[in-house]
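Report on one structure; see the data block that follows.
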Amino acid sequence: MKSIISANFNLLNQSSIWDKLKEKDQFTFDEYNNFNFTLNNDSIINKYNKCYLVIYVNEMLKEQKTIKNFFLLLNRVASKYISKKFYIFFLKEKLKNIYLDQANLLKFNECFNSFKNKNSNLFFIDIPENKSKFNLRNYFYMRCPLEISTIKEIIKSINEINKEKDYKNYKLLILDCDNTLWGGVVGEDGVNKIKYNEDGDGKVFLEIQRHIKKIKEKGILLSLASKNNEKIVWETFKNRGMFLKKNDFVAPKVNWFEKSNNILSTLNELSLRSEDVLFIDDNLIELKKVKKSIPKINVYHVNDLIDFLKFLYKNNRLQLHKITEEDKKKSYQYKIRSKFETLKTKNFDRDIFSKLNQKIKILEISDKNINRASQLTNKVNQFNFTTNRYDISKILKLKRSKMDEIKLISFKDKFGDHGIVGLYNLSYKTKNSILITDFLLSCRIINRKIEDYILYKILNNNKNKNVVIHFIENKNNKSLINLFLKKSFFSLEKKIGKKKLYKIKSDKGLLNAKNFFK
């Protein structure tokens, strides 16, 4: 994963302290001493997965028009390259000196905050004020306004960011209760004596819950795995007026069974991979037992409250970012999925799908859903025939093309609206042949006959034509897609390494799919 680092001053690239970064595929751009050139150059940006921008606010940004243009540039580039990550070290500690007028300072902060969360791939990294040291001598003699110690702090932050797994957000946060969401053991201390919302530790627990709630509202699911009395736990959330409520949690497990079994049950219920999940507990033995049973799950040990709070604030896979409308509904959508799983477990029969009032709608790409379209191509891995990653500009190009037909898929059932859950793209190579170049669905609605029905619709809309689907196998999609390809309406036409072409036949199995939808 190569990265590019750009700045509007020179010393960053000249100093030998960058050498270790360069050894790790980090590249500092110094052809022009101007980050505007870097951001406006497609040939540069296209080469890299991540871009680190070091921005120093000086007198040049005093004018409101200049400030607005500056943020507009960041927003435009982030929107264009939605599949790439932009990390901005915004050194703004001198703002108070530059904007002596408090009203102007407020205007700047308003402008900054309005753009800060505008794009999901735009991250602002704070350098502590006591570590942002400016040097007038360096500014005049080396065209860099910073002390070497500040540059080292920037490098340290870059290295910390690069330790994360490509900054892919956790999909689910599973929490213990006692000494994790509040202080003390509620079954022993009692609801009114646990620490929450008082001075000291109680205030820290309040802030922990407040921030976890904020994480949930941005699209990361919350669940519980607690060895406890379920009735007392829900009474605690309610009677102590906590930030987190019962309805904030999806598929919570509060009982006396092994936590590893409870967590596995939750993962199966929500159809999530363990590597996309973080489990937090204060009991190290419980963490080790869970890790032994579920090796790929991520865990965090709550040993010190302030360290725990810092972890929630700073962990890159928990960072708050601008989200799509679908993300805001995620907790609700997984809850209605959980209702289906519960119904299926209690009363499974072959006619269950016909009783669910399932409805599919094929949607055109529009300004309202194009971010979701790009997000799906960049996030969905398991049921994704090609795992092609598309930014907004690529999707717009496909939409305008006369040779392609790119659509979104939304889904509803008796439990509620699951939102936009999938995407497909058709390529009309010849008059008599259609290639499905992309077909992907969110795993939370897999095995609901949707995948069959979409292929039936494509085939039905293109009668007397040869319809084939492109499959590029990788470690993420090989299990689910290969299982799906065993269905009777697929036949292998061609194989070139990991690339395969399958013909789709109109047989009884495919035709039956229409019976499960209104």
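Things worth noting here:
- ³J(HN,Hα), Karplus 6.51/-1.76/1.60, whole Hz, each residue of segment 372-382, x for Gly, Pro: 5, 4, 5, 4, 4, 5, 8, 10, 6, 10, 6
- Per-residue SASA entry for ARG210, accessible area with 1.4 Å probe, Å² rounded to 10: 80
- Protein accessible area in segment 387-518, 1.4 Å probe - carbon and sulfur %: 48
- Rolling a 1.4 Å probe over the protein heavy atoms of segment 157-229, with every protein chain left in place, gives an accessible area that is 42 percent carbon and sulfur.
- Solvent exposure of segment 167-315 amounts to 45 Å² per residue of accessible area, where only protein heavy atoms count and the probe is 1.4 Å.
- Segment 201-265 versus segment 419-477: alpha-carbon centroid distance in Å: 39
- Put ASP367, ASP178, ASP417 in order of accessible area, highest first, and with a 1.4 Å probe you get ASP367, ASP417, ASP178.
- In nm, spacing of pseudo-spin labels at LEU485 and LYS80 (7 Å Cα→C-beta vector): 3.7
- Projection of the Cα convex hull of segment 405-505, averaged over all directions and equal to a quarter of that hull's surface, yields 6.9 nm².
- Normalised by the number of residues in segment 350-417, the average gap of Cα pairs under 8 Å and 6 or more apart makes the relative contact order 48 percent.
- Using a cut-off of 21 Å between Cα atoms, the listed pairs LYS84/LYS379; LYS407/LYS500; LYS80/LYS379 include LYS407/LYS500 as exceeding that distance.
- Per residue, the accessible area of segment 379-518 comes to 48 Å² when a 1.4 Å probe rolls over the protein heavy atoms.
- Against the criterion of solvent-accessible heavy-atom surface with a 1.4 angstrom probe, TRP256, TRP182, TRP234 sort, most first, into TRP256, TRP234, TRP182.
- Only protein heavy atoms count here; on that basis, with a 1.4 Å probe, THR150 has an accessible area of about 0 Å².
- On the principal axes of its alpha-carbon atoms, segment 239-316 has extents of 30, 27, 26 Å, going from largest to smallest.
- Greater than 25 Å apart at Cα, pairs in LYS429/LYS514; LYS168/LYS478; LYS195/LYS245; LYS85/LYS133; LYS288/LYS310: LYS429/LYS514; LYS85/LYS133
- Under 5 Å, built H, 5+ apart or other chain: amide partners of ILE406: LEU426
- LYS368, LYS218, LYS359, reordered so the largest accessible area comes first (probe 1.4 Å): LYS368, LYS359, LYS218
- Looking at segment 388-445, none of the chymotrypsin sites (Phe, Trp or Tyr not before Pro) sits in a DSSP loop with at most 14 other Cβ atoms within 10 Å of its own Cβ.
The values are calculated or read from the model by the stated rules, or taken from the named source; none is laboratory data. Just so you know, these numbers come straight off a predicted model, no measurement behind them. As a convention, Cβ positions derive from the backbone with ideal geometry for all residues, glycine included, and neighbour counts pool all protein chains shown. Accessible surface areas use protein heavy atoms only, side chains included; no ligands, DNA or RNA. Shrake-Rupley method; radii C 1.70, N 1.55, O 1.52, S 1.80 Å.
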